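Read the structure below first, then the notes.
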Amino acid sequence: MESIILQSIITCPHCGFQKEETMPTDACQYFYKCTHCGQRLQPKAGDCCVFCSYGTVKCPPIQQSRSCCK
């Protein structure tokens, strides 16, 4: 069994700022506010959370091949 990665570097598509964040293990994070420019990020169409859209690592439920939002 592979271990779940909880750290992901999220990149703001508006200003390019990157920040390492700890992902929640039990829920999607649908919104994220960039700490540099203040823009509120939402997942891209087809993604379940901001980490799947803008992070270096997919969210824990997706890493485990299970649904994360339903």
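Read-outs throughout are calculated quantities, based only on the coordinates presented, and are distinct from any laboratory measurement. In this text the structure is predicted, and so the values were computed from the model without any measurement. Please note: Cβ atoms are built from the backbone with ideal geometry, for glycine as well, and neighbour counts cover all protein chains shown.
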Give the Cα extents of segment 7-63 along the principal axes, in whole Å, largest first.
28, 22, 15
Tell me which trypsin sites (Lys or Arg not before Pro) from segment 16-59 have a DSSP coil assignment and no more than 11 other beta carbons within 10 Å of their own.
Lys44
Karplus-derived HN-Hα couplings along segment 24-38 (A = 6.51, B = -1.76, C = 1.60, θ = phi - 60°), whole Hz, x at Gly and Pro
x, 9, 10, 7, 6, 10, 7, 10, 8, 9, 4, 6, 9, 9, x
Label model pair His36, Gln7: point-to-point distance (7 angstrom along the Cα→beta-carbon line) in nm is 1.9
Calculated from DSSP helices alone, with each H run of at least 4 adding -39500 (n - 2.57) and the total divided by the residues of the chain, [θ]222 nm to the nearest 500 comes to -2000 deg cm²/dmol
Note, ³J(HN,Hα) from phi for segment 51-56, Karplus 6.51, -1.76, 1.60, rounded to Hz, x at Gly and Pro
5, 5, 8, 10, x, 7
